[in-house]
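**Q** Shown below is the structure under consideration.
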Amino acid sequence: MFHGLVSGAVPVPGLRFASVMEDIEALNRRALALPGAGAPLPITKLSVHVFGLLTGRYGALDSGAALGRGCGPLVVQRRGAGLGSLAALAGRRVAIPGSLTTAHLLLRIFAPPGALSPETVVPMRFDEIMPAVADGRCDAGVIIHESRFTYPSFGLELLADLGALWERDTGLPLPLGIIAASRDLSSETTHRVEDGLRRSIEHAWANPSAPAEMIRAHAQEMDPEVCRQHIALYVNEHSSSLGAEGRAAIVELLRRGREVGLLPADAPSPWRA
């Protein structure tokens, strides 16, 4: 999505872009200005979960979101472990890709009350979760990104599809992450970035080979077919523009986050003027 902007193939007059490549939880922590996380970025990807804590400082852009259907986090276990349901996670060690991620928020929404505790939920980098479950350090794990295509090769099986649960409950696509702009930026600058990102996405669709080198340089999974599936799933029409359905999905997830006590009740609107 960002290749056109960063490479200069999609110019935005008066602006230049430099990319900061970090794990999503590192970006979440950076936006919160947590100790050692680095300075907050003016334009950043955020989990919708942590965005719900930051709507006073950031507004969501209409373009660049990771939002869709059939793309939700999966809860996996070792093959034959026999946990059976999310209720069986009570007292078990469950790996999550960061406490501020949308994956963690969804787990909290759909796991029965009392099934999870701070002592048994284990945050780690998303690419460390499958090995941790496979070797028995954790009993289950919540996996994201391209891991949904590769977990069987680690000897793991599906326990629950959190995205499917969301879609069944709400009828809405699942909002995982958004691109957010600091409210310190002018509306003019924000709209120019938003338009540039939309054009960058459209440029990548029209020229799919153009970002290939950048993708290979940063992909966690090097199999070209897995990369293709990953991009096809997560870069979709909602990435170009949230639309009414995408906005409704974000509002609903933030509402449910407040219901389970992970998000503040009095947060400002998520949208820029």
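No lab work stands behind these numbers, since they all come straight from the coordinates. This one's a predicted model, so the numbers in the text were calculated from it and none came from an experiment. Backbone-built Cβ (ideal geometry, glycine too); neighbour counts: all protein chains shown.
**Q** Given Cβ point charges of +1 (Lys, Arg) and -1 (Asp, Glu) and nothing else, what value in debye, to the nearest 20, does the dipole of the chain about its Cα centre take?
**A** Once rounded to the nearest 20, the dipole reads 380 debye.
**Q** Let me ask something additional. Could you state the number of Å between the C-alpha centres of region 22-68 and region 177-236?
**A** Between the Cα centre of region 177-236 and that of region 22-68, the gap is 16 Å.
**Q** Indicate, rounded to the nearest 5 percent, the antiparallel portion of the DSSP beta bridges found entirely in region 74-170.
**A** 65
**Q** To continue, here is another question. As a check on your grasp of the helix formula, calculate [θ] at 222 nm for the chain: sum -39500 (n - 2.57) over DSSP H runs of n ≥ 4, divide by the residue count, round to the nearest 500.
**A** After summing the helix terms and dividing by residue count, I get -10500 deg cm²/dmol.
**Q** Tabulate in residue order the Karplus-calculated ³J(HN,Hα) for region 34-40, using 6.51 cos²θ - 1.76 cosθ + 1.60 with θ = phi - 60°, rounded to whole Hz; enter x for Gly and Pro.
**A** My calculation for region 34-40 gives 6, x, x, 8, x, 5, x Hz in order.
**Q** Cα gyration tensor of region 74-170, axes a ≥ b ≥ c as square roots of the eigenvalues: rounded (a/c below 1.5), prolate (a/b > b/c) or oblate?
**A** Because its axes are fairly even, with a/c under 1.5, region 74-170 counts as rounded.
**Q** Still on this model: Can you put E167, E157 in order of Cβ neighbours within 10 angstrom, beginning with the fewest?
**A** Neighbour counts put them in this order, fewest first: E157, E167.
**Q** So, counting K/R as plus one and D/E as minus one, what does the shell of residues with Cβ under 13 Å around T102 add up to?
**A** Counting the neighbours of T102, the net charge comes to +1.
**Q** Looking at the chain only, what percent of DSSP beta bridges run antiparallel? Nearest 5 please.
**A** Taking every DSSP beta bridge within the chain, about 80 percent pair in antiparallel fashion.
**Q** With contacts defined as alpha carbon pairs under 8 Å and 6 or more residues apart, what's the relative contact order of region 74-170 in percent? Each step should come with its number before you reach the end.
**A** Numbers: 163 pairs, mean separation 44.3, N = 97.
Taking the mean separation of contacting Cα pairs over the length of region 74-170, I get 46 percent.
**Q** Over the chain, what is the mean sequence separation of C-alpha contacts under 8 Å (at least six apart), divided by residue count, expressed as relative contact order in percent?
**A** In percent, rounded to a whole number, it is 33.
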